[in-house]
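Enquirer: Just dropping this structure here.
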Amino acid sequence: MIIDHPLLGPRDAREFTYLGDAALIDRPDGLAAGAEDAFYDYLYLRDNPAGLHRELWYHEQGDRSWLVVTRDTRSHEITQVELARDVALALGRGA
Amino acid sequence: MRYSGFRILREALRGHRGWGPAWRDADPQPSYDIVIVGGGGHGLATAHYLAARYGARRVAVLEKGWIGGGNVGRNTTIIRSNYLLDGNEPFYELSMKLWEGLEQDLNYNAMVSQRGVLNLCHSDAQRDAYRLRGNAMRLHGADAELLDADAVRAMYPFLNFDDARFRIRGGLLQRRGGTVRHDAVAWGYARAADSRGVDIIQNCAVTGLRIEGGRIRGLDTTRGPIAAGKVGVAVAGHSGAVMAMAGLRLPIESHVLQAFVTEGLKPVLDGVITYGAGHFYVSQSDKGGLVFGGDIDGYNSYAQRGNLPVVEDVCEGGMALMPMIGRARLLRMWGGIMDMSMDGSPIIDRTPVEGLYFNGGWCYGGFKATPASGLAFAHLLATDTPHETAAAYRLDRFRAGRMIDEKGMGATPNLH
């Protein structure tokens, strides 16, 4: 697989390590009410779709940026690559 | 029809005209007491033990393709019971004992071959870990022997003992481990279940689960609706898709694991060797092909094929361990889809939906578990209580903090 890095261009997927579902960006508030349930969902449960999957890849052998890659789990085709930083800011997690 | 040497002789003299199909290609009935979703090894074994040991009648197995066409036909056929943790080892040792009696139980030649499984070690720390594991295995009634480098050399003199990175310093040997003809496991269980009246319904994909008032009532399938008192789902690899029909999210990701086989060779390797440090394991099939593999690719996939970096990694491991493998030509490679769970261990449990039961999360170790998984799932379906060896495989263990994490990796499915 070739991941088209937004800053560096096309890079071999073996330069990256894989974390999993991009929903992991949206870490729950540990002090909010219901935090125990929220963290159980966050840490252990997955949608695990057969189809488009937004997922976190870390450019460990490169510029060490985190990317959000949209990839079809049935064909491995990559349709979108974003900087995870931009995704997190769009979620309002920059404050 | 009972298979025997006498039967073969009789048929040979009569031109082999007396053999019939090993099981009926059944059409779905309107309703069943118990419906098993998934006609793989685990589903068929469940149906067999339900009928044979728990007296269940009106049982059906639904398979979206043909039986034996899923993961039971895509694995590398290894059986072993070399686990460390209390939640696992009694279960896998039960599975080993069931393998040992399988062919007599099913009256079917599954080519169970206890040729030995050897895990190589390369450091003092790894040897200590294997000593611990071997002792845990023996405490649960399994067999284990710790070998030094000379003993390994006597068994497999062709290995590369003096690799610069991973010198072979010994290994943990389970002589009762080995291989089984995987397709014959599916066929044997199917034939045995069918002979006790289980309907095996192929080309029948489940498209919906009928749930009313928190209780399962039946299923919608591509061959029409089927009413069911209880439904057991055993579709590892695709558990998420089926359980989503019941509105459940699982502690599971689907990953691809690749496997490889070379052209047929004369006998060179009479056991199973695992080289965990080099991400490689190998055995030789009875047909002569070297069957080998390594790690999962490491990203979510339903594609049943992997990518080249892992092919290279596995082949490098093979070359580092047994350089002569470089002379063999690769014949085929393929991928299978694994339910990778959050602690690397399986789930056999009830679900929040009354009458709906779940069997999955087998990671890359489902094949060896087939008989015990079937027996434990049958026990759960028939009695509503977990089998004593599978009591730790609860769906809620992640919430409760009772993980069974052999590798100590935590909630990272691609590292188990």
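The values are calculated or read from the model by the stated rules, or taken from the named source; none is laboratory data. Predicted, not measured: the structure shown is a model, and the values here were computed from it. Cβ atoms come from the backbone with ideal geometry, glycine included; neighbour counts cover every protein chain shown.
Enquirer: Would you say B:MET322 is over 27 Å from B:GLY101 (Cα atoms) and in contact with a Pro (Cβ under 7 Å, 6 or more places away or on another chain)?
Expert: The answer is no for B:MET322.
Enquirer: So is B:GLY178 touching a strand residue (DSSP E or B) at 6+ places or on another chain (Cβ under 6 Å) and small (Gly, Ala, Ser) or not?
Expert: Working: touching a strand residue (DSSP E or B) at 6+ places or on another chain (Cβ under 6 Å): yes; small (Gly, Ala, Ser): yes.
Against the criterion (touching a strand residue (DSSP E or B) at 6+ places or on another chain (Cβ under 6 Å) and small (Gly, Ala, Ser)), B:GLY178 qualifies.
Enquirer: Kindly provide the set of residues from the range B:396-413 that are more than 9 Å from chain A (Cβ to nearest Cβ), crowded, with 16+ Cβ neighbours inside 10 Å and either in contact with a strand residue (DSSP E or B) (Cβ under 6 Å, 6 or more places away or on another chain) or not in a helix (DSSP H, G or I) (or both), ordered by number.
Expert: Of everything in the range B:396-413, those that are more than 9 Å from chain A (Cβ to nearest Cβ), crowded, with 16+ Cβ neighbours inside 10 Å and either in contact with a strand residue (DSSP E or B) (Cβ under 6 Å, 6 or more places away or on another chain) or not in a helix (DSSP H, G or I) (or both) turn out to be B:MET403, B:ILE404, B:ASP405, B:GLU406.
Enquirer: Taking the range A:39-76, which residues are crowded, with 18+ Cβ neighbours inside 10 Å, in contact with a helix residue (DSSP H, G or I) (Cβ under 8 Å, 6 or more places away or on another chain), of a type outside the set (A, V, I, L, M) and in a loop (DSSP other than H, G, I, E, B)?
Expert: Within the range A:39-76, A:ASN48, A:PRO49, A:HIS59 meet the criteria.
Enquirer: Just to verify a result, which residue in the range A:1-16, among those that are in contact (Cβ under 8 Å) with a residue 60 or more places away in the chain and away from every other protein chain (no Cβ under 14 Å), is surrounded by the fewest Cβ atoms within 10 Å (Cβ to Cβ)?
Expert: Here the answer is A:LEU7.
Enquirer: Right, next: Does at least one position in the range B:342-357 carry a residue that is surrounded by fewer than 24 Cβ atoms within 10 Å (Cβ to Cβ), under 22 Å from B:MET245 (Cα atoms) and among the basic types (Lys, Arg)?
Expert: yes
Enquirer: To continue, here is another question. Restricting to the range B:247-294, name every residue that is away from chain A (no Cβ under 11 Å), hydrophobic (A, V, I, L, M, F, W, C) and out of contact with any Phe, Trp or Tyr (no Cβ under 9 Å at 6 or more places or on another chain). I'd like the intermediate steps shown before the answer.
Expert: Step one: filter the range B:247-294 for residues away from chain A (no Cβ under 11 Å), giving B:247, B:257-294.
This time we only want the ones that are hydrophobic (A, V, I, L, M, F, W, C), so: B:257, B:259-261, B:265, B:268-269, B:272-273, B:277, B:280, B:282, B:290-292.
Scanning the range B:247-294 gives a single hit, B:LEU265.
Enquirer: Among the listed residues B:GLY65, B:GLY55, B:GLY18, B:GLY116, identify the single one that is surrounded by 15 or more Cβ atoms within 10 Å (Cβ to Cβ) and of a type outside the set (A, V, I, L, M, F, W, C).
Expert: Selected residue: B:GLY116, the only one of B:GLY65, B:GLY55, B:GLY18, B:GLY116 that is surrounded by 15 or more Cβ atoms within 10 Å (Cβ to Cβ) and of a type outside the set (A, V, I, L, M, F, W, C).
Enquirer: Something else: Taking B:ASP86, is it touching a residue at least 60 places away in the same chain (Cβ under 8 Å), out of contact with any Ser or Thr (no Cβ under 6 Å at 6 or more places or on another chain), surrounded by fewer than 22 Cβ atoms within 10 Å (Cβ to Cβ) and not assigned by TED's automatic domain parsing to the domain that holds B:MET243? Spell out the reasoning first.
Expert: Numbers: touching a residue at least 60 places away in the same chain (Cβ under 8 Å): yes; out of contact with any Ser or Thr (no Cβ under 6 Å at 6 or more places or on another chain): yes; surrounded by fewer than 22 Cβ atoms within 10 Å (Cβ to Cβ): yes; not assigned by TED's automatic domain parsing to the domain that holds B:MET243: yes.
Against the criterion (touching a residue at least 60 places away in the same chain (Cβ under 8 Å), out of contact with any Ser or Thr (no Cβ under 6 Å at 6 or more places or on another chain), surrounded by fewer than 22 Cβ atoms within 10 Å (Cβ to Cβ) and not assigned by TED's automatic domain parsing to the domain that holds B:MET243), B:ASP86 qualifies.
Enquirer: Of the residues A:PRO28, A:PRO10, which is touching a helix residue (DSSP H, G or I) at 6+ places or on another chain (Cβ under 7 Å) and not in a helix (DSSP H, G or I)? Outline the logic, then answer.
Expert: Working: A:PRO10 fails: touching a helix residue (DSSP H, G or I) at 6+ places or on another chain (Cβ under 7 Å).
Being touching a helix residue (DSSP H, G or I) at 6+ places or on another chain (Cβ under 7 Å) and not in a helix (DSSP H, G or I) holds for just one of A:PRO28, A:PRO10, which is A:PRO28.
Enquirer: Oh, and also: For the structure I just gave you, tell me whether A:LEU19 is at pLDDT 95 or above, under 16 Å from the mean Cα position of the chain (by Cα), surrounded by 13 or more Cβ atoms within 10 Å (Cβ to Cβ) and outside any strand (DSSP E or B). Before the answer, list the steps.
Expert: Values: at pLDDT 95 or above: yes; under 16 Å from the mean Cα position of the chain (by Cα): yes; surrounded by 13 or more Cβ atoms within 10 Å (Cβ to Cβ): yes; outside any strand (DSSP E or B): no.
In short, no.
Enquirer: Also: Any residue in the range B:143-159 that is out of contact with any Ser or Thr (no Cβ under 7 Å at 6 or more places or on another chain), under 17 Å from B:ASN82 (Cα atoms) and buried (at least 20 other Cβ atoms within 10 Å of the Cβ)?
Expert: Yes, the range B:143-159 has at least one match.
Enquirer: Just checking, how many residues over the range B:5-21 are closer than 21 Å to B:ASP194 by Cα and outside any helix (DSSP H, G or I)?
Expert: Selection size over the range B:5-21: 4.
Enquirer: I've got another one for you. Out of all the residues in the range B:344-364, is one or more more than 14 Å from every other protein chain (Cβ to nearest Cβ) and at pLDDT below 95?
Expert: Within the range B:344-364 (the criterion being more than 14 Å from every other protein chain (Cβ to nearest Cβ) and at pLDDT below 95), the answer is yes, since at least one residue qualifies.
Enquirer: Now for a different question. Give the residue, chosen from A:ARG74, A:ARG46, A:ARG85, A:ARG54, that is within 16 Å of B:VAL256 (Cα to Cα) and either touching a residue at least 24 places away in the same chain (Cβ under 8 Å) or more than 13 Å from chain B (Cβ to nearest Cβ) (or both). Walk me through it before giving the result.
Expert: Numbers: A:ARG46 fails: within 16 Å of B:VAL256 (Cα to Cα); A:ARG85 fails: within 16 Å of B:VAL256 (Cα to Cα); A:ARG54 fails: within 16 Å of B:VAL256 (Cα to Cα).
It is A:ARG74.
Enquirer: Which members of the range B:298-332 meet the condition of being buried (at least 18 other Cβ atoms within 10 Å of the Cβ), away from chain A (no Cβ under 14 Å) and part of a strand (DSSP E or B)?
Expert: none
Enquirer: Among the residues of the range A:22-43, what is the count of those that are more than 8 Å from chain B (Cβ to nearest Cβ), among the acidic types (Asp, Glu) and under 25 Å from B:ILE347 (Cβ atoms)?
Expert: 2
Enquirer: Next question. Just the residues that are more than 11 Å from B:PRO371 (Cα to Cα) and either basic (Lys, Arg) or surrounded by 23 or more Cβ atoms within 10 Å (Cβ to Cβ) (or both), please, taken from the range B:91-113.
Expert: Answer for the range B:91-113, where residues must be more than 11 Å from B:PRO371 (Cα to Cα) and either basic (Lys, Arg) or surrounded by 23 or more Cβ atoms within 10 Å (Cβ to Cβ) (or both): just B:LEU106.
Enquirer: Within the range B:32-52, which residues are crowded, with 20+ Cβ neighbours inside 10 Å and in a helix (DSSP H, G or I)?
Expert: B:GLY41, B:HIS42, B:GLY43, B:LEU44, B:ALA45, B:THR46, B:ALA47, B:HIS48, B:TYR49, B:LEU50, B:ALA51
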